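The values are calculated or read from the model by the stated rules, or taken from the named source; none is laboratory data. Please read these numbers as outputs of a predicted model, since none were measured by experiment. Glycine gets a Cβ as well: all are built from the backbone with ideal geometry, and neighbour counts include every protein chain shown. Each accessible area value is taken on the protein alone, full model and side chains, heavy atoms only, with ligands, DNA and RNA left out. Shrake-Rupley method; radii C 1.70, N 1.55, O 1.52, S 1.80 Å.
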Amino acid sequence: MTIEPMAQNCSSCIHERFGDYEDRFRRITLRAPGRFMNRQWKRVQADTTERLNLYAMIVDQTETDVRNLLKDRIADEALWSAAKTDYAGRITGMDDRELAETFFNSVTRRIFGTVGVNRQIEFVHDEYQPTRPCPTESVFRTYVLAGGIGPVIRQILSDYGDLELDRTSLETVLPRIVERVEERLSKTNARDQPVRIEMIRHIFYRGQGAYLIGRAVAGDSLIPLAMALLNESNGVVLDALVLDTDGLSIVFSYTRSAFHVTVERLCELVGFLKSIMPAKPEAEIYSAIGYFKHGKTVLYRDVCRHTAECTDGGFRISPGKRGMVMVVFDMADHEMVVKLIRDRFETPKKTTRNKVIEQYDFVFNHYRVGRLIEAHTFEHLSFDRCWFSDDLIDHLTAEAGQTVHLVDDRVIIDHAYLERRVTPLDIYLKVQTRNKSEAAVVDFGNAIKDLAFANIFPGDLLLKNFGVTRHGRVVFYDYDEIVPLTACRFREIPQARSYMEEMADEPWYTVGEEDVFPEEFSRFLGLSPRHRDLFLSQHADLLAPDFWIKAQDEIRSGHIRHVRPYHPRYRL
């Protein structure tokens, strides 16, 4: 097949820009070891933001180049189809072919404003899951447990030569590592089988932590093995050991910013991580290692596969209290929820559609420490009408008619956010056991504090604005009033000067737009008396300005707190 030169030039331009993106992504990632060893935590966060915004910046540049190249043929689908064919040839055999396809699609969707999917000019894999190659020793090192666990752990740490571990600390924690690994191996069904440990060759860096990720293989059993390290004032120390799937899944949570890790063979690395976190969607794994855009692509393809054929399920309004800013719906048998901005906002909300979008952009760019859900922005979604009941269609078009349209037998959604489904905290506290509900109440306060030290004030601290993950962690997901903590002014309520002032309908004191009165929180939280008493026994400091002002002072001083992504029981 002969492809015309202009299509080849278009393909070449996009391919070259993709290479530019990969090169710059890698260069930012390669800063991580030096940042960790030199304790440059502010620069770590700056690198995270720079890398996060790199993709959109390169796609913007590519769009401009392609428009200048194609001129009046920019919307010629036949030319773009030929460019796609040529591009496919250029990326054949590449380990990161899927990333290259996603990049091409980003350019075409930007230019055409595609509604749904255009198979002629996009790479589409919505009918099947791409096969992952088995991870090989190009991705990991293998250690055979022949002479005991202790010597193997020493060898593993030695092979990550750049870490310069504090030897005194290592000798202290090594017996605990050996004990925990032996105990975990004793619980497998392959006690008499030979055991080997496979460790990913490159270190995973994020925030103030460095993580060695691997697995123990005993017969047919795969056991996650992750060691967390911190660079403290006395040197690099082993802080925690994670040996279970749930614990590792929390380390790789969708509520945290991405790791910086050198990737040699992407598909094999994803396959390795999937083997030790089988319940974690591939989309989240891609996002967790920095490929946020491709993670979004994988998520979209999963949704397309799920909605390919009509079933008795379909979309429904999500359980929980009605939101004043967003309409939220989901599928009972799918893990994602869809959020749409309402056309009109109920009193007392004073925000605007553009302001809500800005808030979600703010969260996307903010350094996340495990309490903010990852929100994927989608435009021009298209679903078969059969997935929506008449009542749901009526509700969506009445409440979000600027966003939802019916075109023939399709429901078109112009702008939406897709998020991982969690259980609203107010519902969770009503339906869970006493132990689980009380743990969630305590973690509710921990979540508020973690957000504060990450320079986030949620605005509304209502239970319905927080959710609980499948691992029992409390997270925040209502972003329409979120602001930097340092933008707030925390005050005590002044004493009333008279009985008449105290009984008046209006406050007897002035209230500025940035003013927050923490002593009012307990009235608005919505906790039952028993849960309120528990909350106050652990987090009474949240109801006084001092806590918040000290957090602001700490942030303004440049100090960055490390929020560990694992439970204290994993610490060494």
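Just a few scattered comments:
- Sole residue being open to solvent by less than 10 Å² (accessible area, probe 1.4 Å) and either in contact with a Lys or Arg (Cβ under 6 Å, 6 or more places away or on another chain) or at pLDDT below 95 (or both), chosen from F444, F476: F476
- Filter pass, L99 being aliphatic (A, V, I, L, M) and either open to solvent by less than 40 Å² (accessible area, probe 1.4 Å) or within 20 Å of D414 (Cα to Cα) (or both): yes
- Selection of the range 523-535 for residues being out of contact with any helix residue (DSSP H, G or I) (no Cβ under 7 Å at 6 or more places or on another chain) and either touching a residue at least 24 places away in the same chain (Cβ under 8 Å) or closer than 20 Å to N465 by Cα (or both) yields R523, F524, S528, P529.
- Selection within the range 242-260: residues that are assigned to a loop (DSSP other than H, G, I, E, B) and in contact with a Pro (Cβ under 8 Å, 6 or more places away or on another chain). The member of this set that is surrounded by the most Cβ atoms within 10 Å (Cβ to Cβ) is S253.
- Selection within the range 484-510 - among the hydrophobic types (A, V, I, L, M, F, W, C) and under 19 Å from P458 (Cα atoms): L485, A487, C488, F490
- Listed by position, the strands (runs of 3 or more DSSP E) inside the range 169-241 whose residues that are touching a His at 6+ places or on another chain (Cβ under 8 Å), open to solvent by less than 10 Å² (accessible area, probe 1.4 Å) and over 16 Å from V144 (Cβ atoms) number at least 2 form an empty set.
- The range 489-515 - residue that is touching a strand residue (DSSP E or B) at 6+ places or on another chain (Cβ under 7 Å) and within 20 Å of P348 (Cβ to Cβ) and, of those, surrounded by the fewest Cβ atoms within 10 Å (Cβ to Cβ): G512
- Pairs meeting the criteria (first residue in the range 64-80 and acidic (D, E) and modelled with pLDDT of 95 or more, second residue assigned to a helix (DSSP H, G or I) and surrounded by 12 or more Cβ atoms within 10 Å (Cβ to Cβ), beta carbons under 6 Å, at least 6 apart or on different chains) are D65/C13.
- Here E438 meets each of (1) under 27 Å from T352 (Cα atoms); (2) in a helix (DSSP H, G or I); (3) acidic (D, E) with one exception, condition (1).
- Residues located in the range 398-425, provided they are part of a loop (DSSP other than H, G, I, E, B) and of a type in the set (S, T, N, Q): Q402, T403
- Segments classed as helices (runs of 4 or more DSSP H), wholly inside the range 266-349, with at least 2 members that are free of Cβ contacts under 8 Å to residues at least 40 places away in the same chain and more than 30 Å from E399 (Cβ to Cβ): 282-288
- Once the range 28-62 is narrowed to residues that are without any contact (Cβ under 8 Å) to a residue 60 or more places away in the chain and open to solvent by less than 40 Å² (accessible area, probe 1.4 Å), the residue that is farthest from I14 (Cα to Cα) is G34.
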